[in-house]
Amino acid sequence: MEYPSKLIEDAVNEISKLPGIGKKSALRLALHLLKQDEDRTQSLADSLVNLRTKTQYCQVCHNIADAPICAICQNRQRDRSIICVVETATDLIAIENTSQYRGLYHVLGGVISPLDGVSPSDLAIDSLLQRMNADDSEVREVLLALSATMEGDTTAFFITKKLKPLDVKITSIARGVPIGSELEYTDEITLGRSIVGRKAYEG
């Protein structure tokens, strides 16, 4: 593809590195930005730099945060008797968008996958157990909201074994979520019904 300037080419090359954006889409975005006021383009650039340099991860649940403790963990209006275990912050956002869940979360950072070199020690499983064993823990239920894949089921089974000695109810989202699908691509109605219709987890 020929470009009218090296600056446009550089911008297209960087934008096209984003997931789901090809060279043509990147060119359209670059030309769109070129037509905007300089302040608007600068605002976008500043927000991206801030995203990369100022984003933190919650010290409690590992969610994306602006401070050491995320807004959900700080919110005393949340139901502190239940923790929903998810793979990624994307899954957390998907569940929040259903407006069907008002408890706390724990973000694992992935799932157990030996083929990809991901072991239990690579995930935030130990910190989940620490939360459960804390003297001030109010948790009575752990909701496993993991993808309906072999890796997701393996991770759920591993966590269930670790939680067995504790006096806690273990549930999983209802399998209204299609087998083999990722939570972030599940529509909000199906995901919401899965949360409401959760059942006891049987490893």
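Can you tell me how many residues within the range 58-88 are surrounded by fewer than 19 Cβ atoms within 10 Å (Cβ to Cβ), in the same structural domain as L146 (by TED's automatic domain parsing) and part of a strand (DSSP E or B)?
Looking only at that region, the number is 3.
Out of (1) assigned to a helix (DSSP H, G or I); (2) at pLDDT below 95; (3) surrounded by fewer than 13 Cβ atoms within 10 Å (Cβ to Cβ), what's the single condition that is false for S47?
Unmet for S47, out of (1) assigned to a helix (DSSP H, G or I); (2) at pLDDT below 95; (3) surrounded by fewer than 13 Cβ atoms within 10 Å (Cβ to Cβ): (2).
Quick check, is T41 more than 30 Å from G103 (Cβ to Cβ), surrounded by fewer than 10 Cβ atoms within 10 Å (Cβ to Cβ) and out of contact with any His (no Cβ under 8 Å at 6 or more places or on another chain)?
The answer is no for T41.
Only residues that are over 30 Å from R76 (Cβ atoms) and either outside any helix (DSSP H, G or I) or touching a residue at least 12 places away in the same chain (Cβ under 8 Å) (or both): list them for the range 118-147, please. Write out each step before concluding.
Step one: of the range 118-147, the residues over 30 Å from R76 (Cβ atoms) are 118-122, 147.
Hits for the range 118-147 are V118, S119, P120, D122, S147.
Based on what the data block shows, is V12 crowded, with 19+ Cβ neighbours inside 10 Å and either among the basic types (K, R) or touching a residue at least 24 places away in the same chain (Cβ under 8 Å) (or both)?
On the way: crowded, with 19+ Cβ neighbours inside 10 Å: yes; either among the basic types (K, R) or touching a residue at least 24 places away in the same chain (Cβ under 8 Å) (or both): no.
For V12, the condition - crowded, with 19+ Cβ neighbours inside 10 Å and either among the basic types (K, R) or touching a residue at least 24 places away in the same chain (Cβ under 8 Å) (or both) - is not met.
Taking the residues in the range 148-203 that are modelled with pLDDT of 90 or more and part of a loop (DSSP other than H, G, I, E, B) as candidates, determine which candidate is surrounded by the most Cβ atoms within 10 Å (Cβ to Cβ).
The qualifying residue surrounded by the most Cβ atoms within 10 Å (Cβ to Cβ) is V168.
If you take the residues of the range 1-17 that are part of a loop (DSSP other than H, G, I, E, B) and modelled with pLDDT of 95 or more, which of them is nearest to the chain's Cα centre (by Cα)?
If we take residues in the range 1-17 being part of a loop (DSSP other than H, G, I, E, B) and modelled with pLDDT of 95 or more, then K17 is nearest to the chain's Cα centre (by Cα).
What are the residues in the range 95-117 that are of a type in the set (A, V, I, L, M) and either buried (at least 22 other Cβ atoms within 10 Å of the Cβ) or at pLDDT 95 or above (or both), if any?
Passing the criteria: I95, L104, V107, L108, V111, I112.
Looking for something under 19 Å from E184 (Cβ atoms) and more than 13 Å from the chain's Cα centre (by Cα) - is there at least one such residue anywhere in the range 74-91? Step through it out loud before you land on a result.
Going residue by residue through the range 74-91, those that are under 19 Å from E184 (Cβ atoms) are 84-91.
Those left that are additionally more than 13 Å from the chain's Cα centre (by Cα): none.
The answer is no; no qualifying residue exists.
Here is a yes/no grid of residues against (1) out of contact with any helix residue (DSSP H, G or I) (no Cβ under 8 Å at 6 or more places or on another chain); (2) in contact (Cβ under 8 Å) with a residue 12 or more places away in the chain; (3) of a type in the set (S, T, N, Q):
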residue	(1), (2), (3)
R52	yes, no, no
A65	no, no, no
R78	no, yes, no
I83	no, yes, no
T90	no, yes, yes
A94	no, yes, no
T98	no, yes, yes
G109	no, yes, no
D116	yes, no, no
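The values are calculated or read from the model by the stated rules, or taken from the named source; none is laboratory data. What you are looking at is a predicted structure, and each value in this text was computed from that prediction instead of being measured. Counting neighbours? That spans all protein chains shown, and the Cβs are built from the backbone with ideal geometry, glycine included.
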